[in-house]
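Participant: Take this structure first; my questions come after.
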Amino acid sequence: MNDTIHILGIETSCDETAAAIVNDKGDILSNLVLSQLDEHRAFGGVVPEIAARAHIDHLHTLIKAAMDDSGLDFAALSGVAATSGPGLIGGVMVGMVAGKAIAAAHDLPFLGINHLEGHALTPRLTDPEIAFPYLLLLISGGHTQILVVEGPGRYKRWGTTLDDAAGECFDKSAKIMGLPYPGGPNIQAIASECSDPKAANKRFALPKPLKGRDGCDFSFSGLKTAIRNHVEKLPAGDLKREDIRDLACAFQNTMAEVLKDRCNNAITQFKSHYSQERPVLVVSGGVAANTAIRATLETLCEGHDMRFYAPPLGLCQDNAAMIAWAGVERFRLGLVDGLDFQARPRWPLDPGAPPRHGAGVKA
Ligand code: KG4
Ligand code: ZN
(Lines give C-alpha, C1' and ligand atoms only; values in the text may rest on other atoms or scores of the structure.)
(Ligands and ions follow the chains in the order given, each with its own letter.)
Protein backbone atom coordinates (compact mmCIF):
# COMPACT_ATOMS: atom_id res chain seq x y z
CA MET A 1 0.00 0.00 0.00
CA ASN A 2 1.25 3.49 -0.89
CA ASP A 3 1.24 5.73 2.20
CA THR A 4 2.36 8.87 0.38
CA ILE A 5 0.04 11.81 0.86
CA HIS A 6 -0.93 13.54 -2.40
CA ILE A 7 -2.91 16.77 -2.28
CA LEU A 8 -4.48 18.72 -5.13
CA GLY A 9 -4.21 22.47 -4.43
CA ILE A 10 -6.38 25.17 -6.00
CA GLU A 11 -5.69 28.92 -5.82
CA THR A 12 -8.07 31.62 -7.10
CA SER A 13 -8.01 34.37 -4.46
CA CYS A 14 -6.70 37.17 -6.68
CA ASP A 15 -5.62 37.33 -10.32
CA GLU A 16 -3.82 34.01 -10.69
CA THR A 17 -5.73 30.84 -11.53
CA ALA A 18 -3.61 27.97 -10.27
CA ALA A 19 -3.69 24.21 -9.70
CA ALA A 20 -0.93 21.93 -8.38
CA ILE A 21 -0.29 18.52 -6.92
CA VAL A 22 2.23 18.10 -4.13
CA ASN A 23 3.14 15.15 -1.94
CA ASP A 24 4.30 14.94 1.65
CA LYS A 25 7.92 14.35 0.58
CA GLY A 26 7.95 17.88 -0.81
CA ASP A 27 7.75 16.77 -4.46
CA ILE A 28 5.85 19.13 -6.70
CA LEU A 29 4.26 16.78 -9.22
CA SER A 30 2.62 19.61 -11.15
CA ASN A 31 2.30 23.34 -10.66
CA LEU A 32 0.36 25.43 -13.15
CA VAL A 33 -0.31 29.15 -12.85
CA LEU A 34 -2.33 31.14 -15.35
CA SER A 35 -1.88 34.86 -14.83
CA GLN A 36 -4.73 37.22 -15.72
CA LEU A 37 -2.37 40.16 -16.19
CA ASP A 38 -3.60 40.88 -19.72
CA GLU A 39 -7.23 41.04 -18.61
CA HIS A 40 -6.51 43.60 -15.87
CA ARG A 41 -3.68 45.66 -17.36
CA ALA A 42 -5.93 48.24 -19.01
CA PHE A 43 -7.47 49.03 -15.60
CA GLY A 44 -4.13 49.44 -13.80
CA GLY A 45 -5.12 46.88 -11.16
CA VAL A 46 -7.21 43.80 -10.47
CA VAL A 47 -10.95 44.12 -11.26
CA PRO A 48 -12.72 41.60 -8.97
CA GLU A 49 -15.59 40.75 -11.35
CA ILE A 50 -13.22 40.18 -14.28
CA ALA A 51 -11.01 38.03 -12.05
CA ALA A 52 -13.89 35.82 -10.90
CA ARG A 53 -15.13 35.29 -14.48
CA ALA A 54 -11.64 34.46 -15.72
CA HIS A 55 -11.23 31.86 -12.94
CA ILE A 56 -14.52 30.27 -14.06
CA ASP A 57 -13.30 30.20 -17.68
CA HIS A 58 -9.95 28.58 -16.98
CA LEU A 59 -9.96 26.65 -13.72
CA HIS A 60 -11.35 23.33 -14.98
CA THR A 61 -8.81 23.18 -17.84
CA LEU A 62 -5.99 24.00 -15.45
CA ILE A 63 -7.04 21.34 -12.92
CA LYS A 64 -7.24 18.74 -15.68
CA ALA A 65 -3.78 19.73 -16.99
CA ALA A 66 -2.33 19.60 -13.45
CA MET A 67 -3.76 16.11 -12.94
CA ASP A 68 -2.39 14.98 -16.34
CA ASP A 69 1.06 16.44 -15.57
CA SER A 70 1.18 14.61 -12.24
CA GLY A 71 0.33 11.26 -13.79
CA LEU A 72 -2.23 10.65 -11.04
CA ASP A 73 -5.97 10.20 -11.24
CA PHE A 74 -8.38 11.66 -8.69
CA ALA A 75 -8.67 8.31 -6.89
CA ALA A 76 -4.95 8.48 -6.04
CA LEU A 77 -5.36 11.78 -4.18
CA SER A 78 -5.48 11.98 -0.39
CA GLY A 79 -7.45 15.24 -0.35
CA VAL A 80 -8.33 18.49 -2.10
CA ALA A 81 -7.11 21.82 -0.70
CA ALA A 82 -8.55 25.09 -1.97
CA THR A 83 -7.92 28.67 -0.91
CA SER A 84 -11.00 29.69 1.06
CA GLY A 85 -9.87 33.21 2.01
CA PRO A 86 -8.73 35.89 2.50
CA GLY A 87 -9.05 37.49 -0.92
CA LEU A 88 -11.52 38.66 -3.55
CA ILE A 89 -14.63 36.75 -2.56
CA GLY A 90 -15.90 36.01 -6.10
CA GLY A 91 -12.65 34.35 -7.08
CA VAL A 92 -12.30 32.55 -3.74
CA MET A 93 -15.79 31.07 -4.19
CA VAL A 94 -14.93 29.76 -7.67
CA GLY A 95 -11.88 27.81 -6.45
CA MET A 96 -13.41 26.69 -3.18
CA VAL A 97 -16.60 25.35 -4.79
CA ALA A 98 -14.57 23.56 -7.48
CA GLY A 99 -12.44 21.96 -4.75
CA LYS A 100 -15.49 20.87 -2.79
CA ALA A 101 -17.12 19.42 -5.93
CA ILE A 102 -14.03 17.31 -6.71
CA ALA A 103 -13.80 16.20 -3.07
CA ALA A 104 -17.50 15.23 -3.03
CA ALA A 105 -17.39 13.43 -6.39
CA HIS A 106 -14.35 11.34 -5.43
CA ASP A 107 -15.14 10.92 -1.76
CA LEU A 108 -12.00 12.79 -0.67
CA PRO A 109 -11.43 15.04 2.35
CA PHE A 110 -11.69 18.78 1.66
CA LEU A 111 -9.25 21.29 3.20
CA GLY A 112 -10.19 25.00 3.26
CA ILE A 113 -6.86 26.80 3.19
CA ASN A 114 -6.00 30.29 4.43
CA HIS A 115 -4.06 31.83 1.52
CA LEU A 116 -1.68 33.47 4.01
CA GLU A 117 -0.95 30.09 5.57
CA GLY A 118 0.04 28.95 2.08
CA HIS A 119 2.68 31.71 1.92
CA ALA A 120 3.70 31.08 5.54
CA LEU A 121 4.36 27.35 5.14
CA THR A 122 5.95 27.44 1.64
CA PRO A 123 9.52 27.39 3.01
CA ARG A 124 8.92 23.94 4.50
CA LEU A 125 7.90 22.64 1.08
CA THR A 126 11.27 23.48 -0.41
CA ASP A 127 13.43 23.04 2.69
CA PRO A 128 12.35 20.29 5.11
CA GLU A 129 15.02 21.45 7.59
CA ILE A 130 13.02 24.55 8.46
CA ALA A 131 11.43 23.62 11.78
CA PHE A 132 8.81 25.38 13.89
CA PRO A 133 8.94 27.98 15.30
CA TYR A 134 10.40 30.41 12.80
CA LEU A 135 10.13 34.12 12.20
CA LEU A 136 8.26 35.15 9.07
CA LEU A 137 8.13 38.40 7.14
CA LEU A 138 5.05 38.05 4.95
CA ILE A 139 5.06 40.72 2.26
CA SER A 140 2.43 40.52 -0.45
CA GLY A 141 0.01 42.71 -2.38
CA GLY A 142 -2.59 42.66 0.38
CA HIS A 143 -0.61 41.99 3.55
CA THR A 144 2.55 43.00 5.36
CA GLN A 145 3.08 41.20 8.62
CA ILE A 146 5.74 39.83 10.92
CA LEU A 147 4.64 36.53 12.45
CA VAL A 148 6.01 33.71 14.50
CA VAL A 149 5.02 30.46 12.79
CA GLU A 150 4.58 27.89 15.55
CA GLY A 151 2.77 25.32 13.40
CA PRO A 152 -0.18 24.94 11.04
CA GLY A 153 -2.97 27.12 12.40
CA ARG A 154 -0.67 28.47 15.13
CA TYR A 155 0.63 31.98 14.53
CA LYS A 156 1.63 34.96 16.62
CA ARG A 157 1.36 38.25 14.79
CA TRP A 158 3.99 40.66 16.09
CA GLY A 159 3.62 43.35 13.49
CA THR A 160 1.33 44.48 10.71
CA THR A 161 0.83 47.50 8.51
CA LEU A 162 -1.10 50.47 9.82
CA ASP A 163 -2.14 51.47 6.29
CA ASP A 164 -0.96 50.12 2.91
CA ALA A 165 0.67 46.73 2.36
CA ALA A 166 4.21 46.69 0.95
CA GLY A 167 3.11 45.25 -2.42
CA GLU A 168 0.27 47.75 -2.59
CA CYS A 169 2.82 50.54 -2.01
CA PHE A 170 5.02 49.14 -4.80
CA ASP A 171 2.03 48.96 -7.15
CA LYS A 172 0.60 52.40 -6.33
CA SER A 173 4.00 54.10 -6.43
CA ALA A 174 4.74 52.47 -9.79
CA LYS A 175 1.45 53.78 -11.13
CA ILE A 176 2.36 57.30 -9.97
CA MET A 177 5.72 56.93 -11.75
CA GLY A 178 3.89 55.91 -14.93
CA LEU A 179 5.16 52.33 -14.82
CA PRO A 180 2.83 49.54 -16.00
CA TYR A 181 0.94 47.12 -13.76
CA PRO A 182 2.05 45.09 -11.84
CA GLY A 183 4.28 47.68 -10.25
CA GLY A 184 6.58 45.56 -8.09
CA PRO A 185 8.49 43.71 -10.81
CA ASN A 186 8.56 46.84 -12.98
CA ILE A 187 10.07 48.97 -10.22
CA GLN A 188 12.72 46.29 -9.68
CA ALA A 189 13.46 46.12 -13.40
CA ILE A 190 13.98 49.85 -13.92
CA ALA A 191 15.78 50.30 -10.58
CA SER A 192 18.31 47.69 -11.69
CA GLU A 193 19.42 50.09 -14.45
CA CYS A 194 20.60 52.61 -11.81
CA SER A 195 24.38 52.42 -11.50
CA ASP A 196 24.69 54.84 -8.55
CA PRO A 197 22.05 54.00 -5.90
CA LYS A 198 23.63 56.38 -3.35
CA ALA A 199 23.24 59.31 -5.73
CA ALA A 200 19.62 58.24 -6.39
CA ASN A 201 18.91 58.19 -2.63
CA LYS A 202 20.39 61.67 -2.31
CA ARG A 203 18.52 63.04 -5.28
CA PHE A 204 15.14 61.76 -4.07
CA ALA A 205 14.99 61.92 -0.27
CA LEU A 206 12.19 59.69 0.98
CA PRO A 207 10.68 59.16 4.45
CA LYS A 208 11.34 55.87 6.23
CA PRO A 209 8.10 55.41 8.16
CA LEU A 210 8.45 54.04 11.71
CA LYS A 211 12.20 53.47 11.25
CA GLY A 212 13.97 53.53 14.62
CA ARG A 213 10.72 53.11 16.54
CA ASP A 214 9.98 50.18 18.85
CA GLY A 215 7.91 47.23 17.67
CA CYS A 216 7.39 45.50 14.35
CA ASP A 217 4.55 47.47 12.73
CA PHE A 218 4.78 49.09 9.31
CA SER A 219 3.37 52.15 7.58
CA PHE A 220 3.75 52.82 3.87
CA SER A 221 1.20 55.45 2.87
CA GLY A 222 3.62 58.34 3.58
CA LEU A 223 6.19 56.78 1.30
CA LYS A 224 3.69 56.61 -1.54
CA THR A 225 2.72 60.27 -0.95
CA ALA A 226 6.39 61.30 -1.05
CA ILE A 227 6.73 59.56 -4.43
CA ARG A 228 3.74 61.54 -5.68
CA ASN A 229 5.27 64.80 -4.43
CA HIS A 230 8.57 64.07 -6.21
CA VAL A 231 6.83 63.16 -9.45
CA GLU A 232 4.75 66.34 -9.32
CA LYS A 233 7.94 68.39 -8.98
CA LEU A 234 9.46 66.84 -12.11
CA PRO A 235 8.71 68.68 -15.38
CA ALA A 236 5.16 67.66 -16.36
CA GLY A 237 4.84 65.75 -19.61
CA ASP A 238 8.61 65.27 -19.75
CA LEU A 239 9.27 62.46 -17.27
CA LYS A 240 12.66 61.20 -18.36
CA ARG A 241 13.53 57.52 -18.04
CA GLU A 242 16.59 58.45 -15.90
CA ASP A 243 14.30 60.29 -13.45
CA ILE A 244 12.00 57.31 -13.05
CA ARG A 245 15.00 54.97 -12.81
CA ASP A 246 16.52 56.98 -9.95
CA LEU A 247 13.20 57.44 -8.19
CA ALA A 248 12.41 53.71 -8.46
CA CYS A 249 15.88 52.90 -7.13
CA ALA A 250 15.51 55.27 -4.16
CA PHE A 251 12.05 53.84 -3.48
CA GLN A 252 13.26 50.24 -3.52
CA ASN A 253 16.22 51.08 -1.26
CA THR A 254 13.90 52.80 1.20
CA MET A 255 11.51 49.84 1.23
CA ALA A 256 14.40 47.47 1.90
CA GLU A 257 15.72 49.69 4.70
CA VAL A 258 12.35 49.97 6.42
CA LEU A 259 11.73 46.21 6.20
CA LYS A 260 15.22 45.62 7.59
CA ASP A 261 14.62 47.95 10.55
CA ARG A 262 11.33 46.27 11.47
CA CYS A 263 12.84 42.78 11.09
CA ASN A 264 15.77 43.82 13.23
CA ASN A 265 13.36 44.51 16.12
CA ALA A 266 11.53 41.25 15.44
CA ILE A 267 14.76 39.24 15.52
CA THR A 268 15.73 40.71 18.89
CA GLN A 269 12.25 39.90 20.21
CA PHE A 270 12.40 36.37 18.76
CA LYS A 271 15.75 35.67 20.35
CA SER A 272 14.50 36.72 23.76
CA HIS A 273 11.36 34.52 23.47
CA TYR A 274 12.74 31.37 21.88
CA SER A 275 16.05 29.69 22.55
CA GLN A 276 17.23 28.17 19.30
CA GLU A 277 20.79 27.63 18.25
CA ARG A 278 20.39 29.22 14.85
CA PRO A 279 16.92 30.69 14.37
CA VAL A 280 15.49 31.22 10.91
CA LEU A 281 14.00 34.33 9.31
CA VAL A 282 11.83 33.48 6.33
CA VAL A 283 10.52 36.00 3.82
CA SER A 284 7.57 35.03 1.66
CA GLY A 285 4.75 36.52 -0.42
CA GLY A 286 4.96 38.27 -3.79
CA VAL A 287 7.28 41.10 -2.67
CA ALA A 288 9.74 38.46 -1.43
CA ALA A 289 10.61 38.03 -5.12
CA ASN A 290 12.43 41.37 -4.92
CA THR A 291 16.14 40.64 -5.09
CA ALA A 292 17.25 43.89 -3.41
CA ILE A 293 14.99 43.20 -0.43
CA ARG A 294 16.19 39.60 -0.23
CA ALA A 295 19.83 40.72 -0.25
CA THR A 296 19.25 43.33 2.48
CA LEU A 297 17.50 40.82 4.74
CA GLU A 298 20.19 38.24 4.14
CA THR A 299 22.85 40.69 5.31
CA LEU A 300 20.74 41.53 8.37
CA CYS A 301 20.53 37.85 9.29
CA GLU A 302 24.28 37.35 8.87
CA GLY A 303 24.81 40.09 11.47
CA HIS A 304 22.50 38.24 13.89
CA ASP A 305 23.95 34.79 13.20
CA MET A 306 20.55 33.74 11.93
CA ARG A 307 19.65 31.69 8.95
CA PHE A 308 17.83 33.55 6.16
CA TYR A 309 15.51 31.70 3.83
CA ALA A 310 13.44 32.85 0.88
CA PRO A 311 11.50 30.37 -1.26
CA PRO A 312 12.42 30.05 -4.96
CA LEU A 313 11.12 33.05 -6.92
CA GLY A 314 8.33 31.09 -8.61
CA LEU A 315 6.90 30.06 -5.24
CA CYS A 316 6.89 33.59 -3.78
CA GLN A 317 4.07 34.84 -5.96
CA ASP A 318 0.62 33.29 -5.78
CA ASN A 319 0.61 29.65 -6.81
CA ALA A 320 -1.26 26.46 -5.94
CA ALA A 321 1.74 24.39 -4.83
CA MET A 322 1.78 26.45 -1.62
CA ILE A 323 -1.94 25.74 -1.11
CA ALA A 324 -1.44 22.02 -1.73
CA TRP A 325 1.50 22.04 0.69
CA ALA A 326 -0.52 23.80 3.41
CA GLY A 327 -3.05 21.03 2.71
CA VAL A 328 -0.35 18.39 3.28
CA GLU A 329 0.68 19.99 6.58
CA ARG A 330 -2.92 20.16 7.80
CA PHE A 331 -3.86 16.69 6.50
CA ARG A 332 -0.95 15.18 8.47
CA LEU A 333 -2.44 16.66 11.64
CA GLY A 334 -5.98 15.56 10.80
CA LEU A 335 -7.07 19.17 10.30
CA VAL A 336 -9.53 18.47 7.47
CA ASP A 337 -12.74 20.41 6.87
CA GLY A 338 -16.32 19.54 5.95
CA LEU A 339 -18.06 20.48 2.73
CA ASP A 340 -19.96 23.11 4.71
CA PHE A 341 -16.71 25.09 5.24
CA GLN A 342 -17.42 28.80 4.64
CA ALA A 343 -15.29 31.17 2.53
CA ARG A 344 -13.77 34.02 4.53
CA PRO A 345 -12.92 37.26 2.70
CA ARG A 346 -11.06 38.38 5.86
CA TRP A 347 -9.20 35.68 7.73
CA PRO A 348 -6.38 36.68 10.08
CA LEU A 349 -3.70 34.10 10.82
CA ASP A 350 -3.65 35.23 14.43
CA PRO A 351 -7.23 36.15 15.39
CA GLY A 352 -6.06 36.97 18.92
CA ALA A 353 -3.67 39.76 17.85
CA PRO A 354 -4.74 43.19 19.11
CA PRO A 355 -6.39 45.30 16.38
CA ARG A 356 -4.40 48.11 14.79
CA HIS A 357 -5.92 51.44 13.99
CA GLY A 358 -5.08 52.87 10.59
CA ALA A 359 -6.72 53.85 7.34
CA GLY A 360 -6.33 50.60 5.45
CA VAL A 361 -5.50 48.00 8.08
CA LYS A 362 -5.83 44.52 6.65
CA ALA A 363 -6.60 41.47 8.77
O1 KG4 B 1 1.63 37.20 -2.98
P2 KG4 B 1 1.21 37.89 -4.23
O3 KG4 B 1 1.49 37.21 -5.54
O4 KG4 B 1 -0.33 38.18 -4.19
C5 KG4 B 1 -0.97 38.55 -3.01
O6 KG4 B 1 -1.32 37.63 -2.23
O7 KG4 B 1 -1.10 39.78 -2.79
O8 KG4 B 1 1.88 39.35 -4.21
C9 KG4 B 1 1.67 40.25 -5.25
C10 KG4 B 1 2.47 41.50 -4.97
C11 KG4 B 1 2.17 42.64 -5.94
O12 KG4 B 1 1.98 43.82 -5.18
C13 KG4 B 1 3.45 42.72 -6.77
O14 KG4 B 1 3.71 44.02 -7.28
C15 KG4 B 1 4.49 42.30 -5.76
O16 KG4 B 1 3.87 41.21 -5.08
N17 KG4 B 1 5.73 41.86 -6.39
C18 KG4 B 1 6.92 42.50 -6.24
C19 KG4 B 1 7.85 41.81 -7.05
N20 KG4 B 1 7.21 40.78 -7.67
C21 KG4 B 1 5.91 40.83 -7.24
N22 KG4 B 1 7.24 43.57 -5.51
C23 KG4 B 1 8.54 43.98 -5.57
N24 KG4 B 1 9.48 43.39 -6.33
C25 KG4 B 1 9.19 42.31 -7.07
N26 KG4 B 1 10.14 41.73 -7.82
ZN1 ZN C 1 -0.48 35.89 -2.03
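The values are calculated or read from the model by the stated rules, or taken from the named source; none is laboratory data. Only a predicted model underlies this, so the values are computations on that prediction, with no experimental measurement involved. All Cβ positions, glycine included, derive from the backbone under ideal geometry; neighbour counts span all protein chains shown.
Participant: Since residue 289 meets every condition but one in (1) among the hydrophobic types (A, V, I, L, M, F, W, C); (2) within 16 Å of ligand 1 (Cβ to nearest atom); (3) closer than 19 Å to residue 99 by Cβ; (4) buried (at least 21 other Cβ atoms within 10 Å of the Cβ), which condition does it not meet?
Facilitator: Of (1) among the hydrophobic types (A, V, I, L, M, F, W, C); (2) within 16 Å of ligand 1 (Cβ to nearest atom); (3) closer than 19 Å to residue 99 by Cβ; (4) buried (at least 21 other Cβ atoms within 10 Å of the Cβ), only one is false for residue 289: (3).
Participant: For residues that are part of a helix (DSSP H, G or I) and among the hydroxyl-bearing types (Ser, Thr, Tyr), scanning just the stretch 176-233, find the one that is nearest to the chain's Cα centre (by Cα). Spell out the reasoning first.
Facilitator: Initially, the stretch 176-233 is screened for residues part of a helix (DSSP H, G or I), giving 176, 183-191, 197-203, 221-233.
Still in the list and also among the hydroxyl-bearing types (Ser, Thr, Tyr): 221, 225.
Values: 221: 19, 225: 24 Å.
Checking each candidate, the answer is 221.
Participant: So which residues in the stretch 111-150 are β-branched (Val, Ile, Thr), surrounded by fewer than 24 Cβ atoms within 10 Å (Cβ to Cβ) and part of a helix (DSSP H, G or I), if there are any at all?
Facilitator: The one that is β-branched (Val, Ile, Thr), surrounded by fewer than 24 Cβ atoms within 10 Å (Cβ to Cβ) and part of a helix (DSSP H, G or I): 126.
Participant: With respect to the numbered conditions (1) touching a residue at least 40 places away in the same chain (Cβ under 8 Å); (2) not acidic (Asp, Glu); (3) not in a helix (DSSP H, G or I), which one is the sole condition not fulfilled by residue 108?
Facilitator: For residue 108, the failing item is (1).
Participant: From the list 257, 302, exactly one residue is more than 16 Å from ligand 1 (Cβ to nearest atom), surrounded by fewer than 17 Cβ atoms within 10 Å (Cβ to Cβ) and outside the structural domain of residue 111 (by TED's automatic domain parsing). Which is it?
Facilitator: Working: 257 fails: more than 16 Å from ligand 1 (Cβ to nearest atom).
Residue meeting the stated conditions: 302.
Participant: Still on this model: Conditions first: (1) away from ligand 2 (no atom under 16 Å from the Cβ); (2) modelled with pLDDT of 95 or more; (3) polar (S, T, N, Q); (4) in a loop (DSSP other than H, G, I, E, B). Residue 296 passes all but one, so which condition is the exception?
Facilitator: (4)
Participant: Please enumerate the residues belonging to the stretch 240-282 that are modelled with pLDDT of 95 or more, away from ligand 2 (no atom under 16 Å from the Cβ), closer than 15 Å to residue 307 by Cα and not hydroxyl-bearing (Ser, Thr, Tyr).
Facilitator: If the condition is that a residue be modelled with pLDDT of 95 or more, away from ligand 2 (no atom under 16 Å from the Cβ), closer than 15 Å to residue 307 by Cα and not hydroxyl-bearing (Ser, Thr, Tyr), then 260, 263, 264, 266, 267, 270, 271, 279, 280, 281 are the ones that fit.
Participant: Right, something else. For residue 345, only one of the following conditions fails: (1) in contact with an Asp or Glu (Cβ under 8 Å, 6 or more places away or on another chain); (2) in contact (Cβ under 8 Å) with a residue 40 or more places away in the chain; (3) surrounded by fewer than 22 Cβ atoms within 10 Å (Cβ to Cβ). What is its number?
Facilitator: Looking at each condition in turn, residue 345 falls short on (1).
Participant: If you scan the stretch 93-132, which residues turn out to be more than 16 Å from the chain's Cα centre (by Cα), within 16 Å of residue 342 (Cα to Cα) and β-branched (Val, Ile, Thr)?
Facilitator: 94, 97
Participant: Ok, one more. Would a scan of the stretch 301-311 turn up a residue that is within 14 Å of the chain's Cα centre (by Cα) and outside any strand (DSSP E or B)? Lay out the reasoning, then the answer.
Facilitator: Applying the first criterion (within 14 Å of the chain's Cα centre (by Cα)) to the stretch 301-311 yields 310-311.
Still in the running and outside any strand (DSSP E or B): 310-311.
Taking every residue of the stretch 301-311 in turn, at least one turns out to be within 14 Å of the chain's Cα centre (by Cα) and outside any strand (DSSP E or B).
Participant: From the list 62, 37, which residue is farther than 21 Å from residue 143 by Cα and either within 15 Å of ligand 1 (Cβ to nearest atom) or in contact (Cβ under 8 Å) with a residue 12 or more places away in the chain (or both)? Lay out the reasoning, then the answer.
Facilitator: Numbers: 37 fails: farther than 21 Å from residue 143 by Cα.
Unique residue meeting the criteria: 62.
Participant: Related question: Return a yes/no flag: does the stretch 59-75 have any residue that is more than 14 Å from residue 320 (Cα to Cα) and buried (at least 21 other Cβ atoms within 10 Å of the Cβ).
Facilitator: no
Participant: Only residues that are surrounded by fewer than 19 Cβ atoms within 10 Å (Cβ to Cβ) and assigned to a loop (DSSP other than H, G, I, E, B): list them for the stretch 13-58, please.
Facilitator: Residues satisfying the conditions are 24, 25, 26, 27, 42, 43, 44, 45, 47.
Participant: Which number in (1) surrounded by fewer than 17 Cβ atoms within 10 Å (Cβ to Cβ); (2) more than 30 Å from residue 210 (Cα to Cα); (3) among the charged types (D, E, K, R) marks the one condition that residue 242 misses?
Facilitator: Evaluating residue 242 over (1) surrounded by fewer than 17 Cβ atoms within 10 Å (Cβ to Cβ); (2) more than 30 Å from residue 210 (Cα to Cα); (3) among the charged types (D, E, K, R) leaves (2) as the failure.
Participant: Then there's this: Yes or no: residue 144 out of contact with any Leu (no Cβ under 8 Å at 6 or more places or on another chain), of a type in the set (Val, Ile, Thr) and within 16 Å of ligand 1 (Cβ to nearest atom)?
Facilitator: Values: out of contact with any Leu (no Cβ under 8 Å at 6 or more places or on another chain): no; of a type in the set (Val, Ile, Thr): yes; within 16 Å of ligand 1 (Cβ to nearest atom): yes.
Considered against the rule, which asks whether it is out of contact with any Leu (no Cβ under 8 Å at 6 or more places or on another chain), of a type in the set (Val, Ile, Thr) and within 16 Å of ligand 1 (Cβ to nearest atom), residue 144 comes out as no.
Participant: Here's another thing I want to ask about it. Given the residues 237, 303, 285, 222, which is the only one that is within 16 Å of ligand 2 (Cβ to nearest atom) and either farther than 21 Å from residue 116 by Cα or at pLDDT below 95 (or both)?
Facilitator: Values: 237 fails: within 16 Å of ligand 2 (Cβ to nearest atom); 303 fails: within 16 Å of ligand 2 (Cβ to nearest atom); 222 fails: within 16 Å of ligand 2 (Cβ to nearest atom).
One residue alone meets the criteria, 285.
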